[in-house]
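Asks: Sharing a structure here in structure tokens format.
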Amino acid sequence: MKNKIIIANWKMNKNLNQAEKFVKNLAKEISKSEYKIVICPDFTSMYSLNKYSSEYNFEVGSQNCFWEEKGAFTGEVSALMLKNAGVKYVILGHSERRKYFSESNEIINKKIKICLENDLIPIVCVGEDINLRQLNQELLFVNRQILECLEGISNENIKKIIVAYEPLWSIGTGKTISLLQAEEMVLNIRDFISKKYDKSLKNEIKVLYGGSVNPENSKNFLSLDSLSGLLIGGASLDEQKFSKIIKN
Ligand code: PGA
């Protein structure tokens with residue numbers, strides 16, 4: 001059983017050919033990795049990448065989805081469509097979606113619900129900006145995000161959700177959080193969710209860290225018992241860097 005999970009968030013990078021080439025070149029490393037690997041490419045590459053997923057032993061994730069089942073929503077992609085294309089995970093509430101597309105906790109909550117209805121695993125991103133961190137408000141802020149994003153989700157479904165803690169000041173900046181700070185937040189998230197929902201969930205909840213993860217720091221993060229894995233942007237685009245991380 002592969003315990004820790006490594007999720008590649010390719011954002012708006014790599015076209016179909018590049019995406020296929022990447023997984024083919026890393027087929028050996030991916031299939032032998034001790035980690036569960038999830039690759040989240042752009043919408044146009046998902047279906048094709050999924051054709052390699054069982055052979056190479058990885059899963060395909062999406063970077064977003066819409067909250068309605070179907071209808072006149074030009075430009076949107078539904079959870080069911082993703083499921084039909086072989087997608088298993090959906091990143092929701094990434095800080096770039098919150099910033100550029102004004103996604104609120106309420107919108108993210110609707111998206112989480114539709115994903116769960118379609119057996120897709122939501123990866124819910126939370127995290128504070130630098131001002132909040134400097135004011136020591138990060139725990140309060142993240143707990144509020146979690147509370148609002150998970151509003152109305154049943155105990156049974158809470159177990160299926162993955163929370164990704166990504167401090168905004170660390171995303172794509174090269175600035176990483178200390179292990180101590182990461183652990184404090186991860187334990188806080190576990191405590192907060194289990195107190196709110198069900199105390200027995202404390203060790204079952206999956207909490208990832210994301211933000212400037214690279215081959216040098218990934219091993220330290222992955223050594224934290226409380227951390228379920230990593231969500232990786234920039235370093236997941238580079239074959240050498242990603243291969244080093246998943247071989248750690
Ligand atoms: P980064 O991005 O690894 O490039 O900091 C992480 C993310 O945005 O998920």
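The values are calculated or read from the model by the stated rules, or taken from the named source; none is laboratory data. Here the structure is a predicted model, which means the values were calculated and not measured. We place every Cβ from the backbone using ideal geometry, glycine too, and count neighbours over all the protein chains shown.
Asks: Can you tell me how many residues within region 21-39 are buried (at least 20 other Cβ atoms within 10 Å of the Cβ) and either without any contact (Cβ under 8 Å) to a residue 24 or more places away in the chain or assigned to a helix (DSSP H, G or I) (or both)?
Replies: Of the residues in region 21-39, 3 are buried (at least 20 other Cβ atoms within 10 Å of the Cβ) and either without any contact (Cβ under 8 Å) to a residue 24 or more places away in the chain or assigned to a helix (DSSP H, G or I) (or both).
Asks: Separate question: Yes or no: region 139-161 includes at least one residue that is of a type in the set (Ser, Thr, Tyr) and closer than 19 Å to residue 192 by Cβ. Step through it out loud before you land on a result.
Replies: From region 139-161, those of a type in the set (Ser, Thr, Tyr) are 154; that's our starting set.
Next, only the ones that are closer than 19 Å to residue 192 by Cβ stay: 154.
Taking every residue of region 139-161 in turn, at least one turns out to be of a type in the set (Ser, Thr, Tyr) and closer than 19 Å to residue 192 by Cβ.
Asks: Okay, moving on. Restricting to region 93-113, and then to whatever is in contact with a Cys (Cβ under 7 Å, 6 or more places away or on another chain) and not in a loop (DSSP other than H, G, I, E, B), can you tell me which residue is surrounded by the most Cβ atoms within 10 Å (Cβ to Cβ)?
Replies: Pass one, region 93-113, residues in contact with a Cys (Cβ under 7 Å, 6 or more places away or on another chain): 93-95, 105, 108-109, 111-112.
Filter once more, keeping what is not in a loop (DSSP other than H, G, I, E, B): 95, 105, 108-109, 111-112.
Values: 95: 20, 105: 18, 108: 25, 109: 19, 111: 24, 112: 27.
So, considering only residues that are in contact with a Cys (Cβ under 7 Å, 6 or more places away or on another chain) and not in a loop (DSSP other than H, G, I, E, B), the one surrounded by the most Cβ atoms within 10 Å (Cβ to Cβ) is 112.
Asks: Still on this structure, I have one more. Of 64, 57, which residue is surrounded by fewer than 16 Cβ atoms within 10 Å (Cβ to Cβ) and either on the phi < 0 side of the Ramachandran plot or touching a strand residue (DSSP E or B) at 6+ places or on another chain (Cβ under 8 Å) (or both)? Outline the logic, then answer.
Replies: On the way: 64 fails: surrounded by fewer than 16 Cβ atoms within 10 Å (Cβ to Cβ).
So the residue among 64, 57 that is surrounded by fewer than 16 Cβ atoms within 10 Å (Cβ to Cβ) and either on the phi < 0 side of the Ramachandran plot or touching a strand residue (DSSP E or B) at 6+ places or on another chain (Cβ under 8 Å) (or both) is 57.
Asks: Could you count how many residues in region 61-80 are in contact with a helix residue (DSSP H, G or I) (Cβ under 9 Å, 6 or more places away or on another chain) and either away from the ligand (no atom under 16 Å from the Cβ) or in a helix (DSSP H, G or I) (or both)?
Replies: Of the residues in that region, 10 qualify.
Yes/no matrix, rows are residues, columns are (1) closer than 20 Å to residue 149 by Cβ; (2) among the acidic types (Asp, Glu):
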{"site": "174", "(1), (2)": "no, no"}
{"site": "179", "(1), (2)": "no, no"}
{"site": "183", "(1), (2)": "no, yes"}
{"site": "186", "(1), (2)": "yes, no"}
{"site": "198", "(1), (2)": "yes, yes"}
{"site": "211", "(1), (2)": "yes, no"}
{"site": "216", "(1), (2)": "no, yes"}
{"site": "219", "(1), (2)": "no, no"}
{"site": "241", "(1), (2)": "no, no"}
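Asks: Any idea how many residues of region 101-135 are under 14 Å from residue 61 (Cα atoms) and of a type in the set (D, E, K, R)?
Replies: Number of matching residues: 1.
Asks: Related question: Looking only at residues in region 194-227 that are of a type in the set (Ser, Thr, Tyr) and more than 22 Å from residue 169 (Cβ to Cβ), which one is nearest to the ligand (Cβ to nearest atom)? Step through it out loud before you land on a result.
Replies: Looking only at region 194-227, we keep the residues that are of a type in the set (Ser, Thr, Tyr), and these are 194, 197, 200, 209, 212, 218, 223, 226.
Subset that is more than 22 Å from residue 169 (Cβ to Cβ): 194, 197, 200, 223.
Numbers: 194: 25, 197: 25, 200: 30, 223: 18 Å.
Per the criteria, the residue is 223.
Asks: Which pairs have Cβ atoms under 6 Å, sit 6 or more apart or on different chains, and link a residue in region 79-94 that is without any contact (Cβ under 8 Å) to a residue 60 or more places away in the chain to one that is small (Gly, Ala, Ser)?
Replies: Correct list of pairs: 82/62; 87/62; 90/62.
Asks: Further, regarding this structure: Out of the residues in region 2-20 that are among the charged types (D, E, K, R) and part of a loop (DSSP other than H, G, I, E, B), which is farthest from residue 95 (Cα to Cα)? Step through it out loud before you land on a result.
Replies: Start the filter on region 2-20 by keeping residues that are among the charged types (D, E, K, R), which leaves 2, 4, 11, 14, 20.
Among the residues that remain, those that are also part of a loop (DSSP other than H, G, I, E, B) are: 2, 4, 11, 14.
Working: 2: 28, 4: 23, 11: 12, 14: 20 Å.
Of everything passing the filter in region 2-20, 2 is farthest from residue 95 (Cα to Cα).
Asks: For the structure I just gave you, tell me whether residue 146 is under 14 Å from residue 126 (Cβ atoms), within 16 Å of the ligand (Cβ to nearest atom) and either in a loop (DSSP other than H, G, I, E, B) or under 15 Å from the mean Cα position of the chain (by Cα) (or both). Walk me through it before giving the result.
Replies: Working: under 14 Å from residue 126 (Cβ atoms): yes; within 16 Å of the ligand (Cβ to nearest atom): no; either in a loop (DSSP other than H, G, I, E, B) or under 15 Å from the mean Cα position of the chain (by Cα) (or both): yes.
Considered against the rule, which asks whether it is under 14 Å from residue 126 (Cβ atoms), within 16 Å of the ligand (Cβ to nearest atom) and either in a loop (DSSP other than H, G, I, E, B) or under 15 Å from the mean Cα position of the chain (by Cα) (or both), residue 146 comes out as no.
Asks: Given the criterion over 21 Å from residue 122 (Cα atoms), more than 16 Å from the chain's Cα centre (by Cα) and of a type in the set (S, T, N, Q), identify the matching residue among 217, 155, 203. Break it down stepwise before answering.
Replies: On the way: 155 fails: over 21 Å from residue 122 (Cα atoms); 203 fails: over 21 Å from residue 122 (Cα atoms).
Testing whether each residue is over 21 Å from residue 122 (Cα atoms), more than 16 Å from the chain's Cα centre (by Cα) and of a type in the set (S, T, N, Q) leaves just 217.
Asks: State which residue pairs qualify: first residue at pLDDT 95 or above and inside region 223-235, second residue within 12 Å of the ligand (Cβ to nearest atom) and acidic (Asp, Glu) in any location, beta carbons under 7 Å apart, and separation of 6 or more residues or different chains.
Replies: 231/166
Asks: If a residue must be within 14 Å of the ligand (Cβ to nearest atom) and either of a type in the set (Phe, Trp, Tyr) or more than 13 Å from residue 67 (Cα to Cα) (or both), how many such residues does region 92-104 contain?
Replies: Number of matching residues: 7.
Asks: Can you tell me which residues in region 228-240 are assigned to a helix (DSSP H, G or I) and within 10 Å of the ligand (Cβ to nearest atom)? Please lay out each step first, then the result.
Replies: The first filter runs over region 228-240 and keeps only residues assigned to a helix (DSSP H, G or I), leaving 234-237, 239-240.
234, 235, 236, 237 - these are the residues of region 228-240 that are assigned to a helix (DSSP H, G or I) and within 10 Å of the ligand (Cβ to nearest atom).
Asks: Then there's this: Identify all residues within region 40-51 that are over 13 Å from residue 89 (Cβ atoms) and crowded, with 19+ Cβ neighbours inside 10 Å; write none if there are none.
Replies: 45
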